[in-house]
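S.K.: The structure that follows is given in the form of structure tokens.
The values are calculated or read from the model by the stated rules, or taken from the named source; none is laboratory data. Nothing here was measured: the structure is a model prediction, and the numbers come from that model. Here the Cβ positions follow ideal geometry from the backbone for every residue, glycine too, while neighbour counts run over all protein chains shown. All accessible areas refer to the heavy atoms of the entire protein, side chains included, with ligands and DNA or RNA removed. Shrake-Rupley method; radii C 1.70, N 1.55, O 1.52, S 1.80 Å.
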Amino acid sequence: MSDAKAILFDGNSIPADVVDQAVDWAVKLNFNAASASHRDAFSEWLKASAINAEAWRRVQALQSDFAKVPPRLAIDALQNAALNRSDATLSRRRALQMLGLVGVAAAAGWGACRQAPWQRLLADVSTRVGEQRRVRLDDGTELVLNTDSAISADLRGERRLIAVRRGEIQVTTGADNHASASRPFWLSTPFEAERSLLAALVHHYDELIDYVRRHFGDRGFARDIVHDVCVQIMERTEQTGVRIPLALLRRISHDKAVDRCRGEATRRRWIDVVDTLPDAVCPSSDLLRGLTAEQELELLTRAIEALPLRRRQVFILNKIHQLPQADVAARLGISVKMVEKQLRLAMLHCRESFEGEELGYVRFAK
Amino acid sequence: MSSVDPAQHSAIQTLYSDHHGWLQSWLRRKLGNAFDAADVAQDVFIKLLSRQTRVDARAPRAYLSTIARGLVIDHWRRRELEQAWLETLAHLPAPEVPSPESRLVFLEALVAIDKVLDELKPAVRQAFLCAQPEGLTCPQIAVRLGVSLATVERYIATALRHCYALRFGGDV
């Protein structure tokens with residue numbers, strides 16, 4: 001019968017004050033022990049108009065969802081979901097709080113946004129996939145770079161330093177005739193840098209992405225996973241002395257991908273959740289702050305690219321290659337003080353462009 | 001209700017033929033698999049069709065992705081809830097585990113409840129959770145949460161008005 005009346009009001013036309021009255025009655029009758037006088041007053045109200053009756057019917061219908069689920073199960077499930085969600089938020093916040101994130105996210109972003117592996121950007125000599133190259137250095141040393149490799153050489157100092165950035169090389173040391181006495185020959189390989197997991201991740205970035213992609217089938221997904229792994233490593237205290245970092249990283253990435261496929265819980269925090277839909281009632285401010293992982297990486301990459309050349313070099317050498325500041329100074333032929341200064345300015349710039357953009361984003365959303 | 005004006009209809013049609021492929025691959029990147037992407041892409045257009053507002057054709061892809069984003073979030077929320085639901089079931093002793101078909105009904109109801117709860121303030125949510133599935137009365141909730149009866153009643157009324165807005169439209 002009340003359905004028949006409802007047709008008269010057609011859709012959404014119940015006035016807000018009537019809805020409010022119905023809600024007030026529901027609070028009094030459904031959620032309180034109502035007195036007899038209350039009940040009488042209620043039946044008066046209910047009979048007073050068809051609109052009242054329809055409003056009451058609707059308010060009662062709202063509770064039907066709750067009636068469907070056994071209370072204990074509903075509460076448990078909702079609590080589990082809330083727990084999972086707050087875990088995801090917390091870990092993300094903690095990660096962002098860490099000052100260093102800018103540097104590392106930039107490192108990952110650098111790899112993600114470049115077609116060519118970024119190790120080549122800094123290399124003195126590099127080969128593309130399928131290319132082999134023979135190089136003769138000033139001191140007579142002969143190098144053969146295998147496919148997809150990159151090295152940089154520094155022969156100016158007290159020692160001869162060849163750093164393998166990527167791939168593999170064959171070395172035949174030269175006599176070093178130009179120097180007064182034959183200088184020691186140092187070869188630094190990626191494995192040396194791999195004492196830290198983070199450095200290993202940066203170094204094996206492309207490889208890890210490929211690994212996840214092969215097993216889970218999607219490149220964008222793979223990037224997200226590796227980015228998550230990166231954040232996870234940042235959050236933990238630095239683990240050193242891992243015997244085979246790449247194996248561990250693969251394992252972590254694999255587990256993370258499986259987690260993601262199952263629960264998708266962490267993933268949500270990376271999604272751009274600024275929702276400008278008119279029917280979204282109240283997106284919480286927490287969600288507003290979320291930028292997509294890709295957006296963050298893009299921002300940072302752009303920030304790095306916008307740096308002046310010298311500053312960018314310092315930033316990349318120190319933050320991405322994890323070269324100590326003193327070494328950076330030696331390589332670039334500038335003072336350590338200058339390295340410090342450039343680094344500070346670079347970090348400031350990155351952080352500023354990051355925050356500025358974020359604020360702008362929220363403003364736009366409102 | 002189902003009367004979509006023809007101009008609107010053809011605008012959506014153009015949107016579909018020009019950008020459906022793009023939208024689907026955009027979603028595939030977000031969701032990690034093609035099936036969900038196809039589902040959500042479909043939902044985007046269903047949502048468009050059921051809307052009263054005009055299609056904004058100036059920046060079609062931005063428009064589509066804005067809608068899609070909201071749906072992607074719903075999608076992940078739903079997945080999270082499913083996960084939590086399965087966890088809850090896994091901890092139940094065998095005789096108490098509901099039958100498969102009632103499980104599905106429960107899950108649907110939970111999704112609806114979760115959607116409502118998500119948009120409430122934490123204090124309101126807590127009070128409402130005591131009232132609704134748990135079935136406490138306002139005075140009992142007031143004691144449990146250590147707030148006044150009037151506050152609890154205000155919380156419950158807020159929650160109900162919010163449910164109403166979500167279900168029947170109108171702003172509260």
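S.K.: How much accessible area does residue A:135 have with a 1.4 Å probe, in Å² rounded to the nearest 10?
M.R.: In the full protein context, residue A:135 sits at about 20 Å².
S.K.: List the lysines whose Cα sits under 28 Å from the Cα of residue A:341, skipping any in the same chain fewer than 8 residues away.
M.R.: A:319
S.K.: With a 1.4 Å probe and all protein chains left in place, how much of the accessible area of region B:1-93 comes from carbon and sulfur atoms, in whole percent?
M.R.: On the way: 2710 of 4890 Å².
Accessible surface attributable to carbon and sulfur in region B:1-93 totals 55 percent.
S.K.: Another question, if that's okay. Among the listed pairs B:30/B:115; A:28/B:47; A:68/B:121, which are separated by more than 26 Å between their Cα atoms?
M.R.: On the way: B:30/B:115 21 Å; A:28/B:47 37 Å; A:68/B:121 24 Å.
From B:30/B:115; A:28/B:47; A:68/B:121, over 26 Å: A:28/B:47.
S.K.: Suppose each label sits 7 Å from its Cα in the direction of the beta carbon; what would the residue A:352-residue B:96 distance come out to in nanometres?
M.R.: Going by the 7 Å Cα→Cβ label model, 5.9 nm.
S.K.: Another question, then. Kindly identify residues of region B:120-145 having a loss of at least 40 Å² in accessible area between the isolated chain and the assembly of all protein chains, probe radius 1.4 Å.
M.R.: B:132, B:133
S.K.: Fully extended, how many nm does the chain gain between residue A:171 and residue A:326 (0.36 nm per residue separation, minus their Cα-Cα distance)?
M.R.: Details: separation 155, 0.36 × 155 = 55.80 nm, distance 2.66 nm.
Using 0.36 nm per residue and subtracting the Cα-Cα distance, I get 53.1 nm.
S.K.: Then there is this: Mean-square fluctuation check for chain B, GNM, Cα pairs under 10 Å: which of B:132, B:13, B:24 is largest?
M.R.: B:132
S.K.: Here is a follow-up. Could the peptides A:207-213, A:321-327, B:155-161 be put in order, highest first, of the mean number of other beta-carbon atoms found within 10 Å of their residues? Could you put the intermediate results ahead of the total?
M.R.: Working: A:207-213: 19.7, A:321-327: 16.4, B:155-161: 22.7.
Descending packing order for the listed peptides: B:155-161, A:207-213, A:321-327.
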